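Peer 1: Would you mind keeping the following structure in view while I ask a few things?
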Amino acid sequence: MSTRASLLHRTADLAAQYLDSIGERHVAALATTDELRRQLGGPLPVDGESEESVVDLLAAAGQRGTVATQGRRYFGFVVGGSVPAATAADWLVSAWDQNAGVYVLSPLVSVVEEVAAGWLKELAGLPSGWSTGFVTGCQAANFTALATARHHVLNGAGWDVEAQGLYGAPAINVVVSDESHYTIFNALKLLGLGAERVTRIPTDDQGRMRAELLGPALAALTGPTIVCAQAGNVNTGAFDPIDAIADQTTKHGAWLHVDGAFGLWAATSRSRAHLVHGIGRADSVATDAHKWLNVPYDSGVVFTAHPTSHRRAMTLSAAYIIESAKERDPHEFVPEESRRGRAVPVYAALRSLGRNGFSALVDRCCDLATRLATHLRDDARLEVLNDVVINQVLVRVVGDEADKATRTMIEHLQREGTCWASGTTWHGMAALRLSISNYSTTEADIDLTAAAIRRCVP
Ligand SMILES: *Cc1c(COP(=O)(O)O)cnc(C)c1O
């Protein structure tokens, strides 16, 4: 065996050992910052070390320094694991080391993007003619979608924003909800549209945009307008009423963007697809693959109903490209130029799961969230704060000093190690937020988690 082959085999063994034991280990990282600095720091080696010793050092540090986010009882933020075919495919991406910016640098990745884009649109219920870009995450997807919107609405007003910038441009109205994700505001900031120069539509008790207030708000605005709706609130999992919102954006000629970072995939569930009803009427949709689709970081996807606007917003040359059946140059749909073959693990996950497998994964996570909420409701000391419509559960301790008791419970739970979930604030109340997004979580894991939460109530 060549030295290179033996190094890769050794690495594969270490990675497999890590994954095989992840369900048993303490979920939070065990190493302190000092320990990691001692282990990994020191002077830059002058002459270099053996490849094996470098990999061994990282693998050893990873045992205690990583968070078991790939494990079955990690419920923090909204973090998926990675299905085995996606992890393996990601290794091939590194071995191939393709620059997936243009077709001539990697015909394979270009075609994989085409195929995966088609499959994703089919699963999400989006028209096949929409354009697709493979980006690093939903932040980048929101940015790309809103850059496309900015191009499109200003082009409609006779302004070339790519050439002239925003100086002297017609003002763009941006409409968001009180519960829009902070990455929307970050995208507005980066695009020169202003994070605070927005019209906010109030939300209901679950965090859904009140669509009946959108019509009057749009009627009061003149000029190019972009509306940002959400499929899947990061706390409650609730969905804005997309169809009713699309009625209003259609009537008033506004661009409709939907942030569906994880909620978009409710579209694959027979019992929950109604939550994204009307999604195909949007102008752009942003989502993540590294959350619910369970591929390795980093992976997000942007879809738009306006391929020409999408390319013009992202590239300088695309303005002169005549649309044809030519090969796909992946960079035309994303902010980056040189980039890795990020669509390859997406393709592998979809191919290994199939439509039924992915839909079962989504349904299983939702059913497990319901199971967890049922356990928690059985304890009179706890209160579930949200309607569990998909995979998110918000729970808090009841009684006097509920916020303090809830924060103590969260601290105990995070230290105890059975599982890990994030603290959040919902409508001014401290809460524990659990997101069931991992393909490998079982009913037994949920039962252990419920027991751990109950143990941690002060
Ligand atoms: C996670 C999330 C994002 C940001 O996605 P990243 O993958 O972290 O870039 C945006 N919107 C919503 C609703 C999310 O849940």
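All of the numbers you see were taken from the coordinates with simple rules; none came from a lab. What you see is a predicted model, and the numbers here were worked out from it, not measured in a lab. Cβ sites come from the backbone with ideal geometry, for glycine too, and all protein chains shown count toward neighbours.
Peer 1: Rounded, prolate or oblate for segment 362-435? Axes are the square roots of the Cα gyration tensor eigenvalues, ordered a ≥ b ≥ c, and the cut-off for rounded is a/c under 1.5.
Peer 2: prolate
Peer 1: Next question. Report the label-to-label distance for Y18 and L30 in nanometres (one decimal), using points 7 Å from each Cα along the Cα→Cβ vector.
Peer 2: About 1.6 nm separates the two model spin labels.
Peer 1: Starting from 0.36 nm per residue, how many nanometres of slack lie between A273 and D178 once their C-alpha separation is accounted for?
Peer 2: Length gained, A273 through D178: 31.8 nm.
Peer 1: Using a 7 Å offset from Cα along Cα-Cβ at K326, what residues in segment 90-120 end up with backbone N under 12 Å from the label point?
Peer 2: What the label zone holds, given the 12 Å backbone N cut-off, is 103-104.
Peer 1: Got a sec? Which residues in segment 394-436 would a label at R200 touch, if it sits 7 Å along Cα→Cβ and we count backbone N under 13 Å?
Peer 2: From segment 394-436, the list is 427-428.
Peer 1: Residues of segment 414-429 with amide nitrogen under 18 Å from the 7 Å Cα-to-Cβ point of K404?
Peer 2: From segment 414-429, the list is 429.
Peer 1: Hey, another quick one. Sort V346, V67, V176 by Cβ crowding within 10 Å, fewest neighbours at the top.
Peer 2: The most exposed by this proxy come first: V67, V176, V346.
Peer 1: For L44 and Y167, compute 0.36 nm times the residue count separating them, minus their Cα-Cα distance, and round to one decimal in nm.
Peer 2: 39.6 nm
Peer 1: Only helical DSSP H runs with n ≥ 4 go in: add -39500 (n - 2.57) per run for the chain, normalise by residue count and round the 222 nm mean residue ellipticity to 500 deg cm²/dmol. Walk me through the numbers on the way to the answer.
Peer 2: Details: 14 runs with 195 residues, N = 458.
Roughly -13500 deg cm²/dmol at 222 nm, from the helical runs in the chain.
Peer 1: Separate question: Could you please rank L120, L213, placing first whichever residue has the fewest other Cβ atoms within 10 Å of its Cβ?
Peer 2: On the way: L120 24, L213 15.
Lowest count first: L213, L120.
Peer 1: Let me ask you something else. For a quick check: sort E196, E51, E212 by the number of other beta carbons within 10 angstrom, fewest at the front.
Peer 2: Ascending number of Cβ neighbours within 10 Å: E196, E212, E51.
Peer 1: Can you pull the one-decimal nm distance between simple spin-label points at L221 and E411, each 7 Å off the Cα toward Cβ?
Peer 2: 4.3 nm
Peer 1: With r defined as the distance between the Cβ atoms of M429 and L105 and R0 fixed at 45 Å, what FRET efficiency is calculated, to the nearest 0.05?
Peer 2: So, using R0 = 45 Å, E works out to roughly 0.30.
Peer 1: Taking the Cα centre of each part, how many Å lie between segment 100-161 and segment 411-458?
Peer 2: 36 Å
Peer 1: Which whole-angstrom value gives the distance between the alpha carbon centres of segment 345-409 and segment 268-321?
Peer 2: First find each Cα centre; the distance between them is then 25 Å.
Peer 1: Listed here are the pairs K291/K326; K121/K251; K251/K291; K189/K291; which of them are more than 29 Å apart at the Cα?
Peer 2: Over 29 Å Cα-Cα: K291/K326; K251/K291.
Peer 1: For segment 213-320, what is one quarter of the convex hull surface built on the Cα atoms, given in nm²? Don't skip to the end; give the middle numbers.
Peer 2: On the way: hull surface 34.2 nm².
That works out to 8.6 nm².
Peer 1: Can you work out ³J(HN,Hα) from phi for every residue in segment 290-307, in order, using Karplus 6.51 cos²θ - 1.76 cosθ + 1.60 and θ = phi - 60°, giving whole Hz and x for Gly and Pro?
Peer 2: 6, 8, 7, 6, 6, 10, x, 4, 10, 7, x, 9, 10, 10, 9, 7, 10, x
Peer 1: Say each of A157 and V55 gets a label point 7 Å from the Cα, pointing the same way as Cα to Cβ; how far apart are those two points in nm?
Peer 2: Between A157 and V55, the label points sit 5.6 nm apart.
Peer 1: Now, a different point. Could you let me know the centre-to-centre spacing of segment 21-89 and segment 197-243, using Cα atoms, in angstrom?
Peer 2: 40 Å
Peer 1: Please turn the phi angles of segment 446-457 into ³J(HN,Hα) values with the Karplus equation 6.51 cos²θ - 1.76 cosθ + 1.60 (θ = phi - 60°), one per residue in order, whole Hz, x for glycine and proline.
Peer 2: Karplus-based 3J(HN,Hα) across segment 446-457 equals 5, 5, 4, 5, 4, 5, 5, 4, 5, 4, 8, 5 Hz.
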